[in-house]
1. Ordered by residue, what ³J(HN,Hα) values in Hz, to whole numbers, does the range B:299-310 give under the Karplus form 6.51 cos²θ - 1.76 cosθ + 1.60, where θ = phi - 60° and Gly and Pro are x?
2. How would you classify the protein assembly as shown from its alpha-carbon gyration tensor, with a ≥ b ≥ c the square roots of the eigenvalues: rounded for a/c under 1.5, else prolate if a/b is greater than b/c, otherwise oblate?
3. Once the other residues with Cβ under 11 Å from the Cβ of A:Thr70 are scored (Lys, Arg +1; Asp, Glu -1), what is the net sum?
4. Treating only the Cβ atoms of Lys and Arg (+1) and Asp and Glu (-1) as charged, compute the dipole magnitude of the protein assembly as shown about its Cα centre; round to the nearest 20 debye.
5. Compute and list, largest first, the equivalent-ellipsoid semi-axes of chain A from the alpha carbon gyration tensor, each √(5λ) rounded to a whole angstrom.
6. Between A:Arg145 and B:Arg206, what is the label-to-label distance in nm when each label sits 7 Å out along the Cα-to-Cβ direction?
7. Note down the nm distance, to one decimal, between modelled labels 7 Å out along Cα→Cβ at A:His67 and at A:Phe15.
8. Where in the range B:75-114 is the amide nitrogen less than 18 Å from a point lying 7 Å along the Cα-to-Cβ axis of B:Ile125?
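Please treat every number below as a calculation from the coordinates, not as lab data. All values reported here derive from a predicted model rather than from experimental measurement. Cβ atoms come from the backbone with ideal geometry, glycine included; neighbour counts cover every protein chain shown.
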Amino acid sequence: MTDPILNIHNLTKRFGGNTAVSGINLQVMPRETLAIIGPNGAGKTTFYNMVSGRMQPTEGTVELNGHDITGLKPHKISRMGVSRSFQINNIFPEMTVRQNVEVALSAFHGYSRKLFNLASGNRKVQEEADELLNRLSIGELSSQRAGIISYGDKRLLEIAVVLATRPKLVLLDEPTAGMTPEETRRVTKLIRSLADSGDYTFLITEHDMGVVFDLADRILVMHRGESLAVGTVEEVKNNPDVKKAYLGEDEDDEDGEKEAAV
Amino acid sequence: MKSAILLGALVLTVILLIALPWVVPYFYIFIGTEILIMGLFAASFNLVFGYTGMLSFGHAAFFGIGTYATAMLLLHLQWPLLACLLVSMGMGALLALVIGFLSVRLNEVYFAMLTLAFGMMVFSIAHMWRSVTNGSDGIAGFTLGAFGLGIDLTLGNPAVYYHVVLAIVIVASLVLYLICRSSFGLILQAIRQNAERVSFCGLNIRLYRLAAFTISGAFAGLAGGMMAPFLRVASPEMMHWSTSAEPVLMSILGGTGYFLGPYVGSALFVLLETWITSVTQAWMLFLGIVLALMVMFFRRGILGTFLDWWLDKK
Ligand SMILES: Nc1ncnc2c1ncn2[C@@H]1O[C@H](COP(=O)(O)OP(=O)(O)OP(=O)(O)O)[C@@H](O)[C@H]1O
Ligand SMILES: [Mg+2]
């Protein structure tokens, strides 16, 4: 059996008296796609914040490929192959779309330490940026200012920036939130193809159950900071705790569950 | 088309600047020299402020240490000016490295306060360490020797010194401009717009902020060094916190969003100061009014507002 890429033990975060994440244990295998679901305030984003180094856990450990990364700074964790997106758009608004990606590419390739190259003359970075943007179907926007493109395109740009540092483990925080159904389909298809390429391990938080069932190999259900269930889509759907606490008490309403926007 | 016009305007400006000593009254040679030196000082400050997004209120320390370094080397060792200026740059960088190391971990207003506090400390040291700095009298009485590189110049002649300053400011500005346009410069701008996103791209933003601060200190030190032969004295006032405010005001006047904004701001500042103080004592009142109007109606500065409008047109 292969070793997990991510091994989380008893991960806990308390804000004063409020326990946002409580004793999560989780193993994520390389190349799998794990969806994290749970109602608002369940602790999904806080969980990401601890894995990506944005917040220090109150308790517990995070291991990446067997290395303890608990409490490391975000840039260190990023350098180890972990990249994340944010629930709220997090881009460089005054730069062009292409420059947004170039920032991440320059960081990854080490050009960021070059004081006397011409950033806009770096062919390698430009071509790589264009390639990424085309892959996300926003190539034609590359010279637009990032602050003025549509909300959905900003979400796509953010994914491009996330992928630019060639991560092994990608944490996406509600990638389709606020998107039109068409954009959601586009992003879902994209993540599907990236997952199928076998280059990435994905963690995805989502409220859209259609997207979750479409993409996830396994699902982690969070509820009030706790891990309620982990398992395949079928296992989670049939888990009585989940039914009770999350998908609604009415056990007969099988079809209704699937549609429930949680 | 527009970039050709801009380049043309820039070349024309440089030609006019070169010709200046022959076409303006003698007095304006001094004004021109001051504008150039303060312009470089403001541009060095703007690397930290306009590009990286850190408001430093202690830049007079780097400027002033540059003035002291050149003044003392001229007084005690009679070094060629170019060598003195290189030391001024190094001293500015070194002091910025130390102060930056302690300050860049803080954000926004705390960073501003900390740089202000360190600036005040440096001022006090210059004021009180009489055996080295000669206290409030400052370092004076030095003579100007050679320029360096075997170039024979009469530095004591204001027109010659103006041209020396012009040449140095142009070279230094080109270097600074290249840094702004480099990949490193792109990262600095990214840090201003969204520091957190940059750290999640794998960069230690403190290190980049410190690097920007140190480079900025080097150029501020160089500008300060050129002040010594110009003023014929290095005194603690150069390190006073009110001197730290000047590059801030100049950058805002000219516009922080364009590389040349601070130079335009320096010209406006120095000219307005000269003209207004010649007719009234109330220079600060007028400066206050101009600044208030700028911040209320032309937040992008004179050059910034103009270029934004002009580049947007058609
Ligand atoms: N920085 C913080 N300080 C204090 N409390 C916080 C902080 N961040 C999150 N919380 C609290 O932690 C709990 C979990 O929040 P979190 O944002 O992780 O939930 P979530 O599952 O991502 O919710 P959503 O679906 O709305 O994004 C909430 O009660 C929230 O108020
Ligand atoms: Mg969230």
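1. Calculated HN-Hα couplings, in order: 4, 8, x, 4, 5, x, 5, 5, 5, 4, 5, 6 Hz.
2. Prolate, because a/c is 1.5 or more and a/b exceeds b/c.
3. -3
4. Values: 43 positive and 47 negative charges, 418 e Å.
Around 2000 debye, computed over the protein assembly as shown.
5. So the equivalent ellipsoid measures 32, 22, 16 Å along its semi-axes.
6. 3.4
7. Output for this residue pair reads 3.1 nm.
8. B:87-104, B:114
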